[in-house]
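Trainee: Input: one structure, supplied below.
The values are calculated or read from the model by the stated rules, or taken from the named source; none is laboratory data. It should be emphasised that the depicted structure is a prediction, and the values quoted were computed from it without experimental measurement. Glycine gets a Cβ as well: all are built from the backbone with ideal geometry, and neighbour counts include every protein chain shown. What goes into the accessible areas is simple: the full protein's heavy atoms, side chains included, and nothing from ligands, DNA or RNA. Shrake-Rupley method; radii C 1.70, N 1.55, O 1.52, S 1.80 Å.
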Amino acid sequence: MQYIIPHYYKKFACIGGDCPDTCCAGWQIMIDPASLKKYRQTKGRLGSRLHNEIDWEEGAFRQYEKRCAFLNEENLCDLYAEKGEKMLCRTCRMYPRHIEEYEGIREISLSLSCVEAAKIILGGKEPVRFLNKEDDREETYESFDFFLFTKLMDVREAMIGILQDRKESMEVRIGKEIGRA
């Protein structure tokens, strides 16, 4: 298995309540099966709250005014505050980290929808470099379209080249590519 990670990936650290936005509002937060099981087995006051604040049919945290039921007024997570990272579901533990899976490849990145991640990604002065690591794991996907995958990789490589060539303005670089199409 090949793992591809941008050089800035490890620079990310959540700034929690200091964030001008919050990742716990505006979208439904889905809960992975292992966390649902853990939440279902939680006892006491927190267990009661989990039981009431999860839509068990959807497998998601309930929202109030488009905010997660566990997001407090300081824009911090009550689950995290009370029990730490081990109590977070996979979605909350991972975000804004993102993994794209292809046959034999894992691309690990940060999402621009996070303010702090966007500062790192868009504020970098040097062109992005991708770090590669490999291990012996192998996998195959039954419906993997290798031809489409290679074409997408070619297009992406061209786009990254355009973004990294800083000798001309972005408008000029894009214009040149549109002219070639």
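Trainee: Of these, Glu53, Glu100, which one is free of Cβ contacts under 8 Å to residues at least 24 places away in the same chain, in contact with a Lys or Arg (Cβ under 9 Å, 6 or more places away or on another chain) and either open to solvent by 50 Å² or more (accessible area, probe 1.4 Å) or among the β-branched types (Val, Ile, Thr) (or both)? Please lay out each step first, then the result.
Mentor: Values: Glu53 fails: either open to solvent by 50 Å² or more (accessible area, probe 1.4 Å) or among the β-branched types (Val, Ile, Thr) (or both).
Testing whether each residue is free of Cβ contacts under 8 Å to residues at least 24 places away in the same chain, in contact with a Lys or Arg (Cβ under 9 Å, 6 or more places away or on another chain) and either open to solvent by 50 Å² or more (accessible area, probe 1.4 Å) or among the β-branched types (Val, Ile, Thr) (or both) leaves just Glu100.
Trainee: Test each condition in (1) of a type in the set (Asp, Glu); (2) modelled with pLDDT of 85 or more; (3) within 22 Å of the chain's Cα centre (by Cα) for Glu103 and report the one that comes out false.
Mentor: Glu103 satisfies all of (1) of a type in the set (Asp, Glu); (2) modelled with pLDDT of 85 or more; (3) within 22 Å of the chain's Cα centre (by Cα) except (2).
Trainee: Do you know which residues across region 1-14 are hydroxyl-bearing (Ser, Thr, Tyr) and either open to solvent by 40 Å² or more (accessible area, probe 1.4 Å) or not in a loop (DSSP other than H, G, I, E, B) (or both)? Don't jump to the end; show me each part of the working.
Mentor: Initially, region 1-14 is screened for residues hydroxyl-bearing (Ser, Thr, Tyr), giving 3, 8-9.
Tyr3, Tyr9 - these are the residues of region 1-14 that are hydroxyl-bearing (Ser, Thr, Tyr) and either open to solvent by 40 Å² or more (accessible area, probe 1.4 Å) or not in a loop (DSSP other than H, G, I, E, B) (or both).
Trainee: Filter region 135-176 down to the residues that are open to solvent by 100 Å² or more (accessible area, probe 1.4 Å) and either farther than 19 Å from Glu101 by Cα or in contact with a Cys (Cβ under 9 Å, 6 or more places away or on another chain) (or both) and list them by number.
Mentor: Those that are open to solvent by 100 Å² or more (accessible area, probe 1.4 Å) and either farther than 19 Å from Glu101 by Cα or in contact with a Cys (Cβ under 9 Å, 6 or more places away or on another chain) (or both): Met159, Arg166, Lys167, Glu171.
Trainee: Something else now. Filter region 103-123 for residues that are in a loop (DSSP other than H, G, I, E, B) and either among the β-branched types (Val, Ile, Thr) or in contact with a Lys or Arg (Cβ under 9 Å, 6 or more places away or on another chain) (or both) and give the result.
Mentor: Start the filter on region 103-123 by keeping residues that are in a loop (DSSP other than H, G, I, E, B), which leaves 103-104, 111-114.
Passing the criteria: Gly104, Ser111.
Trainee: Consider only pairs whose beta carbons are under 9 Å apart and that are at least six residues apart or on different chains; among these, list those whose first residue lies in region 15-39 and is open to solvent by 20 Å² or more (accessible area, probe 1.4 Å) and of a type in the set (Asp, Glu) and whose second residue is in a loop (DSSP other than H, G, I, E, B) and at pLDDT 95 or above.
Mentor: Going by the 9 Å Cβ cut-off, the qualifying pairs are Asp32/Gly59; Asp32/Cys89.
Trainee: Then there's this: Consider Gly47 carefully, then state whether it is free of Cβ contacts under 8 Å to residues at least 40 places away in the same chain and surrounded by fewer than 14 Cβ atoms within 10 Å (Cβ to Cβ). Don't jump to the end; show me each part of the working.
Mentor: Working: free of Cβ contacts under 8 Å to residues at least 40 places away in the same chain: yes; surrounded by fewer than 14 Cβ atoms within 10 Å (Cβ to Cβ): yes.
Answer is yes for this residue.
Trainee: Have a look at Phe130, Phe146 and point out the one that is aromatic (Phe, Trp, Tyr) and under 30 Å from Pro20 (Cα atoms). Talk me through it step by step, then tell me what you get.
Mentor: Numbers: Phe146 fails: under 30 Å from Pro20 (Cα atoms).
Result of the check over Phe130, Phe146: Phe130.
Trainee: Mind checking whether some residue in region 145-157 is over 26 Å from Ile29 (Cα atoms) and either in contact (Cβ under 8 Å) with a residue 60 or more places away in the chain or part of a loop (DSSP other than H, G, I, E, B) (or both)? Steps first, answer last, please.
Mentor: As a first pass, look at region 145-157 and keep what is over 26 Å from Ile29 (Cα atoms): 145-157.
Subset that is either in contact (Cβ under 8 Å) with a residue 60 or more places away in the chain or part of a loop (DSSP other than H, G, I, E, B) (or both): 145.
Yes, that holds for at least one residue.
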